[in-house]
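Please read the structure below before turning to the comments.
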Amino acid sequence: MSNKDSSFLDAVKDVKPLKKQSNTVSFESKKPKPIPKKLIEDEKKVLHDSLSDHYLVAELEADENTHYLKEGHSPDIIRKLRGGFWVIQDSIDLHGLTTDEAKIYLSDFLHECLHRDKRCIRIIHGKGIGSKNREPVLKKKVRSWLIQKNEVIAYVETPKHDGGSGAIIVLIKNS
């Protein structure tokens with residue numbers, strides 16, 4: 001044995017070996033909860049499919065559809081919405097989208113607002129200046145879709161300085 005080997009053995013002579021531990025690692029308490037991706041996807045699909053493009057209400061056929069109030073709610077809600085009683089907490093702009101795209105974006109937006117407890121929102125749909133025949137296609141569709149949603153209590157057209165007939169302020173139920 002060389003001098004190096006003997007000095008090493010002298011240095012480690014009092015060392016006690018560690019107890020052998022199991023090679024398996026337990027993650028039982030650290031396991032993350034699964035994300036129900038399919039359930040979330042299915043819920044979004046149901047929301048998208050729940051909005052019909054063929055839902056016609058007499059009040060939407062007229063051009064006097066500057067506001068909507070779900071039956072059973074106080075007419076004061078319309079006055080308060082117009083007067084800015086509720087602060088607009090979020091907004092979405094649907095300019096330039098096709099009807100199908102707008103339906104998906106609006107449905108997702110409403111879903112997110114409900115989950116984040118946003119009660120007063122603005123939806124900008126435009127006045128139809130860039131559309132075929134310069135007709136406001138999304139204006140009528142968006143208002144029709146909103147009437148179909150149980151969560152929507154009321155909407156009013158925004159004041160002229162905030163978009164006028166090209167946008168609406170919507171009040172949503174508490175979640």
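Since every read-out is calculated from the coordinates, none of them should be taken as a lab result. What you see is a predicted model, and the numbers here were worked out from it, not measured in a lab. Reconstructed Cβ throughout: ideal geometry from the backbone, glycine too, with neighbour counts over all protein chains shown.
Here is how the numbers come out for the structure above:
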item	result
Gain in span if fully extended, LYS132 to THR66, counting 0.36 nm per residue against the direct Cα distance	21.5 nm
Cα-based Rg and Dmax for segment 67-172, where Dmax is the largest Cα-Cα distance (Å)	13.1, 38
Among 113-122, 75-84, 165-174, the order from most to least packed when residues are scored by Cβ within 10 Å on average	165-174, 113-122, 75-84
Spacing of the two label points (7 Å from each Cα toward its C-beta) at THR98 and ARG82, in nm	3.8 nm
Relative contact order [Cα under 8 Å, 6+ residues apart], segment 67-172, whole percent	34 percent
Residue order, fewest to most beta carbons within 10 Å, for TYR105, TYR155, TYR68	TYR105, TYR68, TYR155
Paramagnetic reach from GLN148 (point 7 Å along Cα→Cβ, amide N under 15 Å) across segment 100-121	100-111
Under 27 Å from LYS33, Cα to Cα: lysines that are on another chain or at least 8 residues apart	LYS44, LYS45, LYS118
